[in-house]
1. Hey, got the Cα dimensions of the stretch 16-74 along the principal axes, in Å, largest first?
2. How big, in percent, is the set of alpha carbon pairs in the chain lying more than 22 Å apart?
3. Hey, with R₀ at 30 Å, roughly what FRET efficiency would Arg29 and Lys77 work out to, going by the Cβ-Cβ distance, to 0.05?
4. Take the Cβ-Cβ distance between Arg87 and Lys67 as r, set R0 to 41 Å, and report the resulting FRET efficiency rounded to the nearest 0.05.
5. Quick one: length gained pulling Ser43 to Glu9 fully straight, 0.36 nm per residue minus the C-alpha distance?
6. Quick check on packing: order 23-33, 49-59, 6-16 by the mean number of other C-beta atoms within 10 Å, highest mean leading.
Amino acid sequence: MEKMQSFMEKYFVPLAGAINSQRHVAAVRDAFTLSFPLTMAGSMVLSINYVFLDLTGFIASLLHLDKLIPNLASYQKVLASVISLRRKTHTLACGMKVASLYLDINIE
């Protein structure tokens, strides 16, 4: 095990350091870090949307949600647009990080 670890430290750590110091890779890494909370929130909303609020699903038929909430289909369409917002936010965060690296400013 120590032999494999020393091999990795000898050959892969310098390569990983060189790749990590490249500004575009660092910008994408930082953009994922910035957009992660919104990704988690969007995943929770989409899970609720498709597991509990889907009119053809088991939970909705068990609880008779179509009678309880008459406009459920329109609410579901609104909640489904969350994934589009998440994509746009990640693109914006990535662009901001690349711009801050080129302009040498701190956007945090």
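1. That gives 59, 18, 13 Å along the principal axes, largest extent first.
2. Numbers: 3300 of 5778 pairs.
Roughly 57 percent, once rounded to a whole number.
3. On the way: r = 34 Å, r/R0 = 1.12.
Between Arg29 and Lys77 the formula returns 0.35.
4. Values: r = 35 Å, r/R0 = 0.84.
E(calc), rounded to 0.05, equals 0.75.
5. Numbers: separation 34, 0.36 × 34 = 12.24 nm, distance 3.65 nm.
Extra length available between Ser43 and Glu9 comes to 8.6 nm.
6. 23-33, 49-59, 6-16
The numbers here are math on the coordinates, done by the rules we state, and not lab data. A quick note: this is a predicted structure, and the numbers were derived from the prediction, not measured. FYI the Cβ positions are ideal-geometry reconstructions off the backbone, even for glycines, and counts take in every protein chain you see.
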